[in-house]
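Trainee: So that we are looking at the same thing, I have put the structure below in structure tokens.
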Amino acid sequence: MNKGSKILTLFLVSLLVSSSVVPLEARKHHHNKKSKHQKQKGGGKGSGSSPAPAPLPDYNQTQSTIFNILSFGAKGNGVFDDSKALIAAWKAACKIPGATLQIPSDYKFLIKPITLNGPCMPQLVLQIDGDVLAPPKVSSWSKSSLFQWLNFKWLHNFTIGGSGTVDGQGFNWWTVSTLYNKKKGKHVPDMKPTALRFYSSYNVTVRDITIRNSPQCHLKFDNSGTVKVDNITISSPESSPNTDGIHLQNTQDVEIQHSNIGCGDDCVSIQTGCSNIHIHHITCGPGHGISLGGLGKDKSVACVSNIVVENISIQNTLSGVRIKTWQGGVGSVKNVSFSNIQVSDVKVPIMIDQYYCDKYRCKNQTGAVAISGIKYDQIIGSYTVQPIHLACSSQIPCIDVDLIGIQLNPSSGSRGFQSALCGTHMANLRPRLFLQA
């Protein structure tokens, strides 16, 4: 080959090499762009190129919002103490917006008295699909834990829901006096715990769950606001003492709806500091009915206003819808409406009692919590003792009490007709009644 041919050959080889290198680099660049969004497979062995850099984690997609209590050491056998696992799961879920703490179905979790604190990130959900059990033995409760069992504090935008059960296992508490009296030297606890208590919490929803057999009150809201209770079941025996279904105190803007409540005391108890309460489509019984009070005990100040109770079925209870205040109290109950209430075998369906006393005898006192703007509308059904009991103070009479469309008949098993008791100390009483013997 002559010199000119060699030069031409080298030129052609150089041209071929350069034309093949450019597409290869272009393909490598395209692969690297894709690898930013795809998990790299292998290590590029034999390719002659360095591996693509690992992608940065996408926290919005990779961080789980589900926190299962079983993942935090819970056993779920109903015997092992799962309290620490619940607290650990709570602390983890509390930090994540929109998190769900799962208590799964088909398990039983024994939980000792605990407090679950906020503030937490918004939209936290406690999903109870399994059974949550309180310690069954009274002796296992410390004196400092007698006020409540599951305590929720300082929460905002929080929901408890699910198909599960919160079981206070209160049978030993209800018979505790008998048990302790048989054993000398044993102290009878003066206080019994509430099953679920909310304190200083807002935008709270409790829905769908079952709460049963609480040692005392089942569900309590203290110093809270914007509360919704929907489609829950509360159940304890008629003989269980002081086991109110839902207890409201110093709480405003509450809706309680579409629920079944049967217990040993008030189905719903409304205490001082409550306003803008709407209760509707509730079945109540057994129990003591739906009550405002007792208010004004020990000459205390009590204020309750803007209460609407409507579309309620009350069966087999001590009272129907009632207002009860202690002598000597101060304050007011005003703007209260009870309407479309169906009663069946209720001892006293309608009651206002400004002489309330939970003892055999109470000392007479002057002064009373003022009661005004009360409406009983369409209270229909049967009673077993007395249809209406209105006992108002001689010092501060009841004002503007309307009774509209009241139709009450004695039950077939009642002791016979008892006339309605209406105190003389009433101003602007406007009755439209149908009472049948």
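The values are calculated or read from the model by the stated rules, or taken from the named source; none is laboratory data. Note that this is a predicted model, so its numbers are computed, not measured. Because the Cβ atoms are built from the backbone with ideal geometry, glycine has one as well, and the counts that use them run over all protein chains shown. Surface areas here come from the heavy atoms of the whole protein model, side chains and all, with no ligands, DNA or RNA. Shrake-Rupley method; radii C 1.70, N 1.55, O 1.52, S 1.80 Å.
Trainee: Using a 7 Å offset from the Cα along the Cα-to-Cβ direction at both S200 and V79, what is the distance between the two label points in nm, to one decimal?
Mentor: 4.1 nm
Trainee: Also, I was wondering about something else. Near the amide H of C120, under 5 Å away, which other amide H atoms are found, from residues 5 or more places off or on another chain, if H is placed in the peptide plane?
Mentor: Those lying under 5 Å, H to H, from C120 are H156.
Trainee: How much net charge surrounds G331 when only the other residues with a Cβ under 15 Å from the Cβ of G331 are counted, with Lys and Arg +1 and Asp and Glu -1?
Mentor: Charge balance near G331 sits at +3.
Trainee: Once both labels are modelled 7 Å past Cα along the beta-carbon direction, what's the D377-Q249 spacing in nm?
Mentor: Between D377 and Q249, the simple spin-label model gives 3.2 nm.
Trainee: Please give the net charge around F198, taking every other residue with its beta carbon less than 11 angstrom from that of F198, where Lys and Arg add +1 and Asp and Glu add -1.
Mentor: Taking every Cβ under 11 Å from that of F198, the sum is +2.
Trainee: Using the Cβ atoms and a cut-off under 11 Å, what net charge is assigned to the surroundings of I279, where Lys and Arg are +1 and Asp and Glu are -1?
Mentor: -2
Trainee: Determine the per residue accessible area of segment 368-416 with all protein chains present and a 1.4 angstrom probe, expressed in square angstrom.
Mentor: Accessible area per residue, segment 368-416: 34 Å².
Trainee: Let me ask something else about it. Provide the gained length on full extension for the span S105 to K91, in nm with one decimal, where the gain is 0.36 nm per separating residue minus the Cα-Cα distance.
Mentor: 2.9 nm
Trainee: For S305 and N231, calculate 0.36 nm times their separation in residues minus their Cα-Cα distance, and state this gained length in nm to one decimal.
Mentor: 24.1 nm
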